[in-house]
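The values are calculated or read from the model by the stated rules, or taken from the named source; none is laboratory data. Everything numeric in this text was worked out from a predicted model, so none of it was measured. A quick note on method: Cβ atoms are made from the backbone with ideal geometry, for glycine too, and the neighbour counts reach across all protein chains shown. Protein only, heavy atoms only, side chains kept; ligands, DNA and RNA dropped before computing areas. Shrake-Rupley method; radii C 1.70, N 1.55, O 1.52, S 1.80 Å.
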Amino acid sequence: MTARIIDGKTFAEGLRGRIAGHVQRLKIDHGLTPGLAVVIVGHDPGSEIYVNQKARQTVEVGMHSEKYELPEDTSEAEVLALVQRLNDDPAVHGILVQLPLPGQIDASKVIATISSDKDVDCFTPASVGKLQIGLPGPVSCTPLGCLMLLRDTLGDMTGLHAVVIGRSNLVGKPMAQLLLRENCTVTMAHSRTRDLPAIVRQADIVIAAVGRPQMVKGDWIKPGATVIDVGINRIPAPERGEGKTRLLGDVDFAEAAAVAGAITPVPGGVGPMTIVCLLANTITTASLINGLVPPGDLTP
Ligand code: NDP
């Protein structure tokens, strides 16, 4: 193996420590305790684990945490009323509604109701627009995490060619915007892209956000490139016991690590950054709502 392993777990722990420091300073200097409210409807087991992790980490860094666990048959009107109440609550600076929502609730309506000032997931059209034109505000959590790892690995990215594979609203599109802000030359690839391996071979930076296990092969990677693997694919692993699974990224790690200059592993790369970036966004929104400049190390 030649590549340096980008250790997202350790970076995320350090970032959490810095966030706790920012929370303390906001409390002492401005009497401000950043607050994050998470809303979950129903009992999707994956979502419940995720929401509990978010609430736990919010408390661990010293923030105010509110968790709303609503029954599966909650009406759309009730969820909209809760979001509206949280929009108006001065103790809450970030609102996160865990997706997916049950079928009777229109998720896009709920998201559109979240105040863009408190939209720590950066899902609302207003937040996406702010990100696009470079106004201060929260940034999509997973791309923000990728950007922080890239900056830590590469420093100045001016002029580098970044290929983003995947064009989802959640990852690919905001990732491309952030790389553009870093003065990269950005290519966005997707399922209709012709000769994807040839395009990826031109990249100094590869972001794989596809959802296809080990799709990106070693011979797609330019020697020395930096590879960020966003993919989280849970694969049956009967060799570990009945019903067991393991996680694979979108990149063939063993092959790519033999060629790349630096690479994120799965697990332990991008994954641990996402929740910490949610906390970072809550500091950003709490600062902006209160007329303060958000800490520079938490924003793009
Ligand atoms: P989506 O399914 O929303 O988007 C996948 C994208 O990949 C689409 O743009 C699609 O193209 C493209 N794609 C699919 N097949 C191919 C192919 N054969 N060649 C090129 N492009 C292809 O996924 P997400 O963006 O939400 O997530 C991507 C991955 O990242 C998943 O594995 C997900 O689990 C993971 N993820 C990880 C997070 C983390 O915290 N680490 C957070 C969020 C996601 P098209 O638009 O043409 O259909």
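Apart from one condition, Ser75 fits all of (1) modelled with pLDDT of 95 or more; (2) open to solvent by 80 Å² or more (accessible area, probe 1.4 Å); (3) farther than 29 Å from Thr299 by Cβ; the exception is (2). Listed by first and then second residue, the pairs linking a residue in the range 161-187 that is over 13 Å from Val230 (Cα atoms) and in a loop (DSSP other than H, G, I, E, B) to a residue that is more than 10 Å from the ligand (Cβ to nearest atom) and open to solvent by 40 Å² or more (accessible area, probe 1.4 Å), with Cβ atoms under 6 Å apart and 6 or more places separating them unless they lie on different chains, are Asn183/Thr158; Cys184/Leu160. Inside the range 37-91, residues that are assigned to a loop (DSSP other than H, G, I, E, B), of a type in the set (Gly, Ala, Ser) and touching a residue at least 40 places away in the same chain (Cβ under 8 Å) make up a count of 3. Might you let me know whether the range 181-194 holds any residue that is closer than 30 Å to Val39 by Cβ and within 12 Å of the ligand (Cβ to nearest atom)? Checked against the condition, which is being closer than 30 Å to Val39 by Cβ and within 12 Å of the ligand (Cβ to nearest atom), the range 181-194 yields no hits at all.
Summed over the range 250-266, the residues that are within 16 Å of the ligand (Cβ to nearest atom), in contact (Cβ under 8 Å) with a residue 60 or more places away in the chain and part of a loop (DSSP other than H, G, I, E, B) give a count of 3.
In the range 267-279, the residues that are under 18 Å from Gly94 (Cα atoms) and more than 8 Å from the ligand (Cβ to nearest atom) reach residues that are assigned to a loop (DSSP other than H, G, I, E, B) and aliphatic (A, V, I, L, M) with C-beta atoms within less than 8 angstrom, at least six apart or across chains, in these pairs: Cys277/Val139; Leu278/Val120; Leu279/Val61; Leu279/Met63.
Give me the residue from the range 199-219 that is open to solvent by less than 30 Å² (accessible area, probe 1.4 Å) and in a helix (DSSP H, G or I) and, out of that set, nearest to the ligand (Cβ to nearest atom).
Val200
Within the range 144-165, the only residue that satisfies the criterion of being within 15 Å of the chain's Cα centre (by Cα) and open to solvent by 10 Å² or more (accessible area, probe 1.4 Å) is Met148. The criterion of being of a type outside the set (Asp, Glu), surrounded by 17 or more Cβ atoms within 10 Å (Cβ to Cβ) and within 11 Å of the ligand (Cβ to nearest atom) holds for Gly172.
Do we find that Ser108 is open to solvent by less than 60 Å² (accessible area, probe 1.4 Å) and of a type in the set (S, T, N, Q) in this structure?
In short, no.
Could we say that Ile235 is outside any loop (DSSP other than H, G, I, E, B), within 16 Å of the chain's Cα centre (by Cα) and at negative phi here? When the stated conditions are applied, Ile235 does not pass them.
The criterion of being farther than 18 Å from Pro294 by Cβ, outside any loop (DSSP other than H, G, I, E, B) and away from the ligand (no atom under 16 Å from the Cβ) does not hold for Leu149. Among the residues of the range 47-61, at least one is under 19 Å from the mean Cα position of the chain (by Cα) and closer than 20 Å to Gln104 by Cα.
So Gln132 fits all but one of (1) under 18 Å from the mean Cα position of the chain (by Cα); (2) buried (at least 18 other Cβ atoms within 10 Å of the Cβ); (3) over 18 Å from Leu298 (Cβ atoms); what number is the exception? So Gln132 meets the others, but not (2).
In the range 228-249, the residues that are open to solvent by less than 80 Å² (accessible area, probe 1.4 Å) reach residues that are basic (Lys, Arg) and within 13 Å of the ligand (Cβ to nearest atom) with C-beta atoms within less than 7 angstrom, at least six apart or across chains, in these pairs: Thr245/Arg234; Leu247/Arg234.
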